[in-house]
Amino acid sequence: MIWGVLMMGILLPQCSAHPGFFTSIGQMTDLIHNEKDLVTSLKDYIKAEEDKLEQIKKWAEKLDRLTSTATKDPEGFVGHPVNAFKLMKRLNTEWSELENLILKDMSDGFISNLTIQRQYFPNDEDQVGAAKALFRLQDTYNLDTNTISKGNLPGVKHKSFLTAEDCFELGKVAYTEADYYHTELWMEQALMQLEEGEMSTVDKVSVLDYLSYAVYQQGDLDKALLLTKKLLELDPEHQRANGNLVYFEYIMSKEKDANKSASGDQSDQKTTPKKKGIAVDYLPERQKYEMLCRGEGIKMTPRRQKRLFCRYHDGNRNPKFILAPAKQEDEWDKPRIIRFHDIISDAEIEIVKDLAKPRLSRATVHDPETGKLTTAQYRVSKSAWLSGYEDPVVSRINMRIQDLTGLDVSTAEELQVANYGVGGQYEPHFDFARKDEPDAFRELGTGNRIATWLFYMSDVSAGGATVFPEVGASVWPKKGTAVFWYNLFASGEGDYSTRHAACPVLVGNKWVSNKWLHERGQEFRRPCTLSELE
């Protein structure tokens with residue numbers, strides 16, 4: 001369960017909340033610091049309550065001693081004029097003061113600040129988004145629920161685990177989305193942890209209620225019946241389970257009669273219902289894409305590997321790179337993917353990130369039908385656009401790209417900085433507009449995206465590779481490097497082998513920045529050829 005809180009009594013620099021915290025690890029890290037400040041304020045409230053109780057305790061001890069003495073000889077005690085005066089004073093004044101102290105609500109300030117800041121808290125969308133991210137990581141990297149629950153993930157620095165209640169909540173999210181495959185997996189994990197003796201606010205009856213229905217929805221009637229009977233052993237009066245038991249037995253009876261009619265004498269033959277498993281996917285290359293994300297891609301033959309080289313590149317005798325040429329490495333041959341090493345410094349990266357952070361918003365994609373930008377579930381990240389005139393570092397980075405590629409950046413899009421969220425990804429897509437998307441970049445007036453330059457601005461502990469499913473290439477993030485490829489052939493036709501994806505981030509924080517270069521201005525820098533596929 002992903003949750004976070006913000007600092008008490010300190011307003012955020014912007015007037016509006018950031019929707020979709022789960023889509024950016026960078027913004028989620030800010031919540032950690034804010035939560036720490038809120039815990040400090042909570043401790044201050046507890047201390048105030050403890051001080052108040054300490055005062056009341058001292059009052060009680062003092063009055064206990066006094067009344068014990070007075071009750072032994074009441075007449076003698078009040079016969080002393082001072083005792084008589086103090087008795088009047090205590091009952092008329094001091095007990096009223098004690099009453100006011102007891103009635104004083106020490107939580108007013110804490111609750112007031114918490115209420116003000118709640119508008120900046122992550123919401124249900126964030127919690128559901130983070131839960132779906134765990135499902136996505138589970139499927140992409142072939143992780144079982146027990147591995148995730150115990151926090152046994154590669155590259156983790158701070159191991160954490162899921163309680164039975166956490167697993168139950170994940171199962172409920174899947175159930176609400178009619179994702180019965182993941183409902184079954186996570187409810188079974190919750191049940192296993194409860195049966196191992198874990199103390200929890202969740203009981204087995206609630207878990208079995210969801211689990212039996214999820215199993216039934218996937219077609220496993222025998223298991224659904226077994227789980228329902230197990231539920232009724234714990235709670236014989238459970239209304240829904242009793243109704244389900246009658247219904248399941250009725251369905252099984254009908255199936256048995258149907259089998260008898262179909263098989264004649266083979267009346268005892270039992271058919272095993274086929275379970276649905278993961279729902280049919282809209283992404284045709286899902287299996288290949290996920291294999292590449294796991295590092296199980298196509299291995300290049302030794303003959304092809306011999307054609308890949310590392311070299312020093314001076315940008316065609318560019319004065320800036322003659323004495324200090326750029327380090328260049330071939331990552332793939334077709335399409336040609338080149339990695340530049342040590343091409344952006346840590347200081348430049350921090351400046352770019354600082355410029356982008358206040359503006360990060362949910363990343364968008366081009367809608368081919370409307371030609372407009374829209375958010376999509378297959379792209380989980382936040383992004384911001386930086387212009388060259390905003391900061392000398394951005395301008396310098398743009399010129400560096402022009403010097404090393406030989407392409408004109410004056411018609412390129414602004415530098416897009418992206419930070420991926422929990423399980424952040426961008427499923428397989430093309431950077432260029434296909435023939436059925438003639439209006440994709442019409443508003444820019446600079447033609448199609450001829451090439452892509454991608455900076456890696458962080459290392460990623462696990463996952464987060466850039467993969468090319470059509471050819472089987474995987475490029476892994478390495479801070480300070482950049483990769484470059486052409487999206488279009490020199491003829492202007494799209495190179496469909498450049499279809500690529502950003503794999504889900506399993507562990508870590510992934511920062512990248514893109515520069516999409518367009519056709520206009522490249523007429524003499526990259527002349528058109530007569531062959532369509534060259």
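Annotations for the structure displayed:
- Selection count where residues are without any contact (Cβ under 8 Å) to a residue 60 or more places away in the chain and among the polar types (S, T, N, Q), scope segment 126-155: 6
- Some residue of segment 441-458 being in contact (Cβ under 8 Å) with a residue 60 or more places away in the chain, in a strand (DSSP E or B) and under 21 Å from GLN305 (Cα atoms): no
- The condition of being open to solvent by less than 40 Å² (accessible area, probe 1.4 Å) and among the aromatic types (Phe, Trp, Tyr) holds for only one of PHE135, PHE161, that being PHE135.
- Unmet criterion (only one of (1) modelled with pLDDT of 95 or more; (2) surrounded by fewer than 24 Cβ atoms within 10 Å (Cβ to Cβ); (3) under 26 Å from GLY20 (Cα atoms)) for ASP495: (3)
- Where GLY171 falls short, out of the listed (1) part of a helix (DSSP H, G or I); (2) open to solvent by 70 Å² or more (accessible area, probe 1.4 Å); (3) of a type outside the set (A, V, I, L, M): (2)
- Those helices (runs of 4 or more DSSP H) lying entirely in segment 21-128 with at least 3 residues surrounded by 11 or more Cβ atoms within 10 Å (Cβ to Cβ) and either of a type outside the set (Phe, Trp, Tyr) or modelled with pLDDT of 90 or more (or both): 25-72, 81-89, 95-103, 108-117
- When residues of segment 424-480 are limited to those that are hydroxyl-bearing (Ser, Thr, Tyr) and either farther than 20 Å from GLN522 by Cβ or outside the structural domain of GLU414 (by the TED database) (or both), the one surrounded by the fewest Cβ atoms within 10 Å (Cβ to Cβ): SER461
- Of the set (1) within 27 Å of LEU292 (Cβ to Cβ); (2) open to solvent by 50 Å² or more (accessible area, probe 1.4 Å); (3) assigned to a helix (DSSP H, G or I); (4) not aromatic (Phe, Trp, Tyr), all apply to ASN152 but (3).
- The listed residues are ARG499, ARG526, and the only one of them that is touching a residue at least 60 places away in the same chain (Cβ under 8 Å) and more than 23 Å from MET399 (Cα to Cα) turns out to be ARG499.
- Taking each residue of segment 205-222 that is over 17 Å from MET252 (Cα atoms) and looking for partners that are outside any helix (DSSP H, G or I) and of a type outside the set (Phe, Trp, Tyr) with beta-carbon atoms closer than 8 Å, six or more apart or interchain, yields VAL205/ASP235; VAL205/HIS238; ASP209/HIS238.
The values are calculated or read from the model by the stated rules, or taken from the named source; none is laboratory data. Note that the structure is predicted; figures quoted are calculated from it, not measured. For neighbour counting, all protein chains shown are included, and Cβ atoms are generated from backbone atoms with ideal geometry for every residue, glycine included. Side chains included, ligands, DNA and RNA excluded: accessible areas come from the protein's heavy atoms. Shrake-Rupley method; radii C 1.70, N 1.55, O 1.52, S 1.80 Å.
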